[in-house]
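Each reported figure results from applying straightforward, stated rules to the coordinates on display, with no laboratory input. Quick caveat, the model's predicted, so the values are computed rather than measured. Cβ: placed from backbone, ideal geometry, glycine included. Neighbour counts: every protein chain shown.
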Amino acid sequence: MKTMPTTVPPVSGKTESEQAGLSGVRRLSLDWGLLSHHIGPRVRLLRNTLNARSIAVSEPFGLPTGSLTIMALMAQNPGSSQVELAAYAGITGPSLVGIVDELERRGLVQRARSTEDRRRNMLVVTEKGERTMTALFAEVQHIEDPIQDALSPEELAQFIDFIDRSNAALAQSGT
């Protein structure tokens with residue numbers, strides 16, 4: 001796996017070699033200034049790093065960015081609406097349609113009319129889609145290994161809980 005060039009902020013109390021940690025590159029000693037107590041820049045940095053690594057690792061599959069997320073959500077939540085899937089994946093409706101169109105074209109998912117509401121399409125992962133999803137996950141799951149290695153199982157569960165609660169708080173506030 002290629003290490004994506006990234007400059008990341010210092011971590012208090014860590015040596016330089018420990019600071020190389022998650023990104024694999026040496027951190028600059030910059031001060032966050034006004035942003036010292038803000039989440040956004042750090043979350044953006046984490047997201048950008050994970051996204052770049054995910055794109056690099058999943059490139060051989062030739063699938064649109066976000067395909068694994070969409071297929072995993074579809075597989076785990078049968079009958080979910082496209083609106084629900086897009087919202088949970090953090091993408092727009094038109095972006096979801098583009099991803100689903102490509103996945104359907106490749107035979108990885110299929111649209112079926114809901115038996116409960118004929119106006120609604122149900123999205124279903126095919127057997128080929130399940131195999132592709134499993135293979136793709138096997139490749140991309142290692143992207144988070146440095147994070148998981150740096151955190152205890154309790155810290156990881158707490159980190160995921162913090163992210164989920166933060167997303168829920170923002171959704172509830174309407175922003």
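Using the average count of surrounding beta-carbon atoms within 10 Å as a protection proxy, the listed peptides 138-150, 70-82 rank, highest first, as 70-82, 138-150. Computed from the C-beta positions of ALA56 and GLU130 and an R0 of 41 Å, the FRET efficiency is 0.95 to the nearest 0.05. Given axes a ≥ b ≥ c from the Cα gyration tensor, I'd like to know whether the stretch 31-156 is rounded (a/c under 1.5), prolate (a/b larger than b/c) or oblate. Because a/c hits 1.5 or more and a/b exceeds b/c, the stretch 31-156 counts as prolate.
Rounded, prolate or oblate: pick one for the stretch 105-175, where a ≥ b ≥ c are the square roots of the eigenvalues of its C-alpha gyration tensor, a/c under 1.5 means rounded, and failing that, prolate if a/b is larger than b/c, else oblate. Since a/c reaches 1.5 but b/c is at least a/b, the shape of the stretch 105-175 is classed as oblate. Straightening the chain between THR65 and SER95 buys 9.8 nm, computed as 0.36 nm per residue apart minus the Cα-Cα spacing. Approximating the spin labels as points 7 Å out from Cα along Cα→Cβ, the LEU45-to-GLU154 distance works out to 2.7 nm. Residue order for ASP164, ASP101, fewest other beta carbons within 10 angstrom first, comes to ASP164, ASP101.
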